[in-house]
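Working notes for the structure below.
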Amino acid sequence: MTGTTKGNKTGPYSTHSVDNQPPPFEDVNLFATDAALRDAVNREGAGQAARRINAFGLVAGSAEAFALGRLANAHPPVLETHDAQGRRRDEVVYHPAYHQLMATSFAEELNRSVWMHLSAPHVAPPSGVHVMRAASFYMAAQMETGHCCPVTMTSAAVPSLMLEPRLAEIWLPKILSRTYDPQFGPIARKASATIGMGMTEKQGGTDVRAGTTVASPVDGGGPGGEYVLVGHKWFMSAPMSDAFLVLAQAPGGLTCFLLPRFLPDDTVNAIGFQRLKSKLGNRSNASSEVEFWGAHAWAIGAEGQGVQAIIEMVTHTRLDCAVASSGLMRLSLAHAVHHAEHRMVFGKTLISQPVMQQVLADLALDVEAATALSFRLARSFDRADDPSAAAWRRLMTPVTKYWTCKIAPGFVAEAMECLGGNGYVEESPLARIYREVPVNSIWEGSGNVMALDVLRVLQREPEVAGQVVDELADAAGDDVLLRAGVGRIQAILHEPRMLDFRARELVEGLALVASATILRAHAPAAIADAFIATRLGGLSRQTYGVGLDQADTRAILLRASPNRQ
């Protein structure tokens, strides 16, 4: 019969031919093809690690890595509360692809690189180590973002854990391992450890001081002492971690605890998982609701000092939120530019169409700014002894986290639109990225929480804010728009009674001016001029692609292209 198909053969009336479609975006070196990232690494103090970062760029951008990311999200983790005989099991089972991603990031030392000096007494941390890690984490997030959650928490838990030397002696050697060990068992029999976090409860949410979980001391309790916990957590991330940092109400107030999955006698701790959260995105990574049925935990710090003990962990996770959001924006832009460079529309490549040039160039400006701001923040973590860097870290951590994470969802939506229907289907990674990006804005403090954190700095450490604003004023030089941006910030600061109402305006202003000063000093003129004109020039903007009619979009896109480095 004519006009039929059988097996892989096509009949004479077949219409299936693939034309005018871009080649697959895979086997891309995510470092070598990203000019903004390369510049940030060199500028912020990790240029000596460029060869190593470049090697990881090949790994993270490989077809295999992207395939693992798809699989880990197509087959999300499953909670197995009981075994076949009805005994409590409380295990979360992940797809093998997830474990391969974890092993890849552990091999790159994303769980330990900034703390390796702790294993060698009296050895200073290497220069630029936070910037170096940020570069690899930026690319690991592009490889697959969900697995980055436990990687982040494991690394970020170290400064909190170091508050209790006896606990650190037990756990630090396992955390500082580059061999990922997924087995469910006592820490003494494992090659490495991962750390999770449980702070929020259903009645409190962001207000962690409203927690009702009770911690009763065993043999007096106190710093490093043993307690028994009874209560719940509405969100506990990465539930198959080997231990968790949690908050609970001890007799002396809200206290931070290390809660292990296995007790010293190798029995399973009394942690009961109720269910896994069904989340918008971040599907490869489990988040759980959990109850503590007399679970044993050990205090980190004094009773009543729980927030102070865990705040360093939170600060480091906020840096990773900003870096990951910047990385996901870059990957979205790269896909959009790659598509536009290969797609023909009305007889020309899509990227040759002026209106598309405007949109893509506008998107590229935000990637440049977000990357510059995130890596400037990472540098401040590397220079803890420098008062200027310390001030930047204190004020600009919530500012950077707020802005980069807040703009990412709208950014990815616009990038997805550049691909049309191809961007909206699940075969494209942009659909997954679009679901992924909101979590960074919510996790470790929503936008309002970041704004309130900035206000707390102004109230408690006004000299910190003054130091940063003075630095921005100096960096503005004689640029009229930059100086006007600094002036708007100063005007808000001089109206303390209105700060509660203008907190978001202040935070966004700080982010834009700080980004702009970095770009003015270090980025190509086409980038800096266009960003400052469109973000600080007073133009009313609601969407991308507005206000770049005078910009050198060709130069901006040439720098942004993943195919022309």
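Confirm whether ALA475 is surrounded by fewer than 18 Cβ atoms within 10 Å (Cβ to Cβ), in contact with a Ser or Thr (Cβ under 8 Å, 6 or more places away or on another chain), part of a helix (DSSP H, G or I) and not β-branched (Val, Ile, Thr). Taking the combined requirement at face value, the residue satisfies it.
Going by what's in this entry, would ALA84 be described as among the hydrophobic types (A, V, I, L, M, F, W, C), closer than 25 Å to PRO562 by Cβ, free of Cβ contacts under 8 Å to residues at least 60 places away in the same chain and not assigned by TED's automatic domain parsing to the domain that holds LEU280? No. Restricted to segment 418-470, and to residues there that are more than 19 Å from VAL314 (Cβ to Cβ) and outside any helix (DSSP H, G or I), the residue that is nearest to the chain's Cα centre (by Cα) is VAL437. Residues of segment 367-392 that are surrounded by 22 or more Cβ atoms within 10 Å (Cβ to Cβ) and without any contact (Cβ under 8 Å) to a residue 60 or more places away in the chain: LEU377, SER380. For ASP386, are the conditions met, namely being over 16 Å from the mean Cα position of the chain (by Cα), acidic (Asp, Glu), at pLDDT 95 or above and within 23 Å of GLN459 (Cα to Cα)? Considered against the rule, which asks whether it is over 16 Å from the mean Cα position of the chain (by Cα), acidic (Asp, Glu), at pLDDT 95 or above and within 23 Å of GLN459 (Cα to Cα), ASP386 comes out as yes.
For (1) out of contact with any Pro (no Cβ under 7 Å at 6 or more places or on another chain); (2) of a type outside the set (Gly, Ala, Ser); (3) over 22 Å from ARG541 (Cα atoms), each residue gets a yes or a no:
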{"position": "ASP386", "(1), (2), (3)": "yes, yes, yes"}
{"position": "VAL399", "(1), (2), (3)": "yes, yes, no"}
{"position": "ALA413", "(1), (2), (3)": "yes, no, no"}
{"position": "GLY420", "(1), (2), (3)": "yes, no, yes"}
{"position": "GLU427", "(1), (2), (3)": "yes, yes, yes"}
{"position": "GLU436", "(1), (2), (3)": "yes, yes, yes"}
{"position": "ASN448", "(1), (2), (3)": "yes, yes, yes"}
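Exactly one residue among HIS342, HIS316, HIS338 is in contact with a Pro (Cβ under 8 Å, 6 or more places away or on another chain), within 26 Å of ALA46 (Cβ to Cβ) and either at pLDDT below 95 or surrounded by fewer than 24 Cβ atoms within 10 Å (Cβ to Cβ) (or both), and that residue is HIS316. Tallying residues that are more than 26 Å from MET143 (Cβ to Cβ) and either in contact with a Cys (Cβ under 9 Å, 6 or more places away or on another chain) or in a helix (DSSP H, G or I) (or both) within segment 310-358 yields 10. On inspection, PRO121 fails the criterion of being modelled with pLDDT of 95 or more and more than 30 Å from LEU37 (Cα to Cα). Total residues in segment 52-94 satisfying the condition of being in a loop (DSSP other than H, G, I, E, B) and in contact with a Leu (Cβ under 6 Å, 6 or more places away or on another chain): the figure is 1.
Restricting ARG520, ARG535, ARG483, ARG497 to residues that are surrounded by 13 or more Cβ atoms within 10 Å (Cβ to Cβ) and farther than 27 Å from ARG38 by Cα narrows the list to ARG483. Under the condition of being among the acidic types (Asp, Glu), in contact (Cβ under 8 Å) with a residue 24 or more places away in the chain and outside any helix (DSSP H, G or I), the residues counted in segment 484-523 number 1. Modelled with pLDDT of 95 or more and in contact with a Leu (Cβ under 6 Å, 6 or more places away or on another chain): which single residue out of ASN269, ASN285 fits that description? So the residue among ASN269, ASN285 that is modelled with pLDDT of 95 or more and in contact with a Leu (Cβ under 6 Å, 6 or more places away or on another chain) is ASN269.
Reported count of residues in segment 21-42, each being outside any loop (DSSP other than H, G, I, E, B) and under 17 Å from ALA364 (Cβ atoms), is 6. Might you check whether a residue that is among the small types (Gly, Ala, Ser), without any contact (Cβ under 8 Å) to a residue 40 or more places away in the chain, closer than 25 Å to HIS99 by Cβ and surrounded by fewer than 21 Cβ atoms within 10 Å (Cβ to Cβ) occurs anywhere in segment 254-270? Within segment 254-270, not a single residue is among the small types (Gly, Ala, Ser), without any contact (Cβ under 8 Å) to a residue 40 or more places away in the chain, closer than 25 Å to HIS99 by Cβ and surrounded by fewer than 21 Cβ atoms within 10 Å (Cβ to Cβ).
The residues in segment 150-195 that are in a helix (DSSP H, G or I), under 20 Å from GLY301 (Cα atoms) and of a type in the set (Gly, Ala, Ser) can be counted, and the count is 4. Only one of the listed residues (HIS95, HIS122, HIS130, HIS117) is within 24 Å of ILE311 (Cβ to Cβ), out of contact with any Phe, Trp or Tyr (no Cβ under 8 Å at 6 or more places or on another chain) and either surrounded by fewer than 15 Cβ atoms within 10 Å (Cβ to Cβ) or not aliphatic (A, V, I, L, M) (or both). That residue is HIS117. Go through the residues of segment 524-534 one by one and say whether even a single one is touching a helix residue (DSSP H, G or I) at 6+ places or on another chain (Cβ under 8 Å), assigned to a helix (DSSP H, G or I), farther than 30 Å from PHE25 by Cβ and of a type in the set (S, T, N, Q). Within segment 524-534, none of the residues are touching a helix residue (DSSP H, G or I) at 6+ places or on another chain (Cβ under 8 Å), assigned to a helix (DSSP H, G or I), farther than 30 Å from PHE25 by Cβ and of a type in the set (S, T, N, Q).
Only one entry in GLU80, GLU44 is of a type in the set (Asp, Glu), at pLDDT 95 or above and over 18 Å from ARG275 (Cα atoms), namely GLU44. Would you be able to say whether some residue in segment 145-167 is surrounded by fewer than 19 Cβ atoms within 10 Å (Cβ to Cβ) and over 25 Å from the mean Cα position of the chain (by Cα)? The answer is yes, given that some residue of segment 145-167 is surrounded by fewer than 19 Cβ atoms within 10 Å (Cβ to Cβ) and over 25 Å from the mean Cα position of the chain (by Cα).
Those residues that are within 24 Å of PRO251 (Cα to Cα), among the hydroxyl-bearing types (Ser, Thr, Tyr) and within 23 Å of the chain's Cα centre (by Cα), I need them from segment 189-217; list them, please. Listed by number, the residues that qualify are THR200, THR206.
The values are calculated or read from the model by the stated rules, or taken from the named source; none is laboratory data. Bear in mind the structure is a predicted one, so any value in this text is a computation, not a measurement. With ideal geometry, Cβ positions are generated from the backbone for all residues, glycine too; neighbour counts draw on all protein chains shown.
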